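First up is the structure itself, then whatever we jot down about it.
The values are calculated or read from the model by the stated rules, or taken from the named source; none is laboratory data. Quick caveat, the model's predicted, so the values are computed rather than measured. When the accessible area is computed, the model is the full protein with side chains, heavy atoms only, and any ligands, DNA or RNA have been set aside. Shrake-Rupley method; radii C 1.70, N 1.55, O 1.52, S 1.80 Å.
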Amino acid sequence: MRLNTTIQIFDYWNKLRGSEIAPLRTQVEPRDISQLLSSLFMLETSETSRVTFRLAGTRICDLFGHDLGGSCLSELWAHGHEDIEKTAVGVMEHGIPALLNATGYSTAGHRAAFEIILLPLRNAEGECDKLLGAIAPATTASWLEVVPLQFLALDRSRLLHEQLDPAESTPSGANEPRAATSGSRSIADTVRRLMSSLMDEPVKQDAPFRHYR
């Protein structure tokens with residue numbers, strides 16, 4: 001991660017989760033991240049098994065020229081629709097955040113680089129069923145949010161398991177090691193068993209949320 005927006009929301013998410021694999025959805029307090037809200041989104045799986053926007057910040061909606069609430073994540077991408085949805089579902093299933101580097105292309109032919117982060121959230125039953133995310137432009141461009149983006153193209157994706165050292169998430173003063181459970185398993189073990197080769201490969205050819213239910 002290189003951009004302040006993605007770094008800040010990751011640090012907030014990581015602090016919230018403590019020793020758990022991911023924080024509860026109910027732990028996220030908009031007032032604590034008010035400076036980031038316009039660049040944040042939340043994803044969920046619909047009844048048709050598509051990954052959709054539950055909500056999207058106003059800056060994100062302005063980037064694409066319309067309200068994204070209820071639309072499919074894959075609709076924003078020029079190619080690799082299945083890869084994008086599989087990545088999002090994988091983050092939810094295994095509780096490991098991911099960082100996407102993408103290039104956005106406008107309807108007028110402009111282009112800009114973006115960082116997109118996907119962070120899992122748990123429900124009351126302990127399952128990760130939603131994603132908190134952010135999209136941030138890598139550079140400041142006068143046309144952004146004025147000329148709508150037509151699509152995103154994925155350049156690279158990677159897991160952020162290296163930033164999830166279980167030892168770092170153990171509260172200070174806790175001398176006993178945390179027992180592994182089905183709800184808070186070892187990140188390293190999960191990565192080795194389930195997702196070690198899922199990513200890190202090139203893809204083949206200031207306002208509150210605008211939509212919230």
## Note on the structure
Once all protein chains are kept in place, residue 161 shows an accessible area at probe 1.4 Å, nearest 10 Å², of 60
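How large is the accessible surface per residue of the range 32-142, computed with a 1.4 Å probe and reported in Å² as a whole number?
Working: 4180 Å² over 111 residues.
Result: 38 Å² per residue.
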### Task
Could you list which residues have their amide H under 5 Å from that of residue 150, counting only those 5 or more apart in sequence or on another chain, with H placed in the peptide plane?
105, 106, 107
### Task
Output ³J(HN,Hα) for the range 96-107: one whole-Hz value per residue in order, computed from phi by the Karplus curve 6.51 cos²θ - 1.76 cosθ + 1.60 with θ = phi - 60°, and x for Gly and Pro.
10, x, 9, 10, 10, 9, 9, 10, x, 10, 8, 5
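When the chain is fully extended, how far beyond the present Cα-Cα distance does residue 107 get from residue 151, taking 0.36 nm per residue of separation?
Working: separation 44, 0.36 × 44 = 15.84 nm, distance 0.86 nm.
Here the segment from residue 107 to residue 151 would lengthen by 15.0 nm.
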### Query
Expressed as a whole percentage, what fraction of the accessible surface of the range 28-132 belongs to carbon and sulfur atoms when a 1.4 Å probe is rolled over the protein heavy atoms?
44
### Message
Students sometimes get this wrong: rank 2, 25, 122, 50 by accessible area, probe 1.4 Å, all chains present, largest first.
### Response
2, 50, 25, 122
#### Entry: Solvent-accessible area of residue 7 with every protein chain in place, 1.4 Å probe, in Å² to the nearest 10
60
#### Entry: Exposure rank, largest accessible area first [39, 34; 1.4 Å]
34, 39
### Task
List the residues whose amide H sits under 5 Å from the amide H of residue 134, counting only those 5 or more places along or on another chain, with H placed 1.01 Å from N in the peptide plane.
41, 117
### Query
Which value, in Å² and to the nearest 10, is the accessible area of residue 75 when all protein chains are kept and the probe is 1.4 Å?
120
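Working from the pairwise distances between different alpha carbons, so that the mean of 1/r is found and then inverted, what is the range 38-122's Kirkwood radius in Å?
For the range 38-122, the Kirkwood estimate is 13.5 Å.
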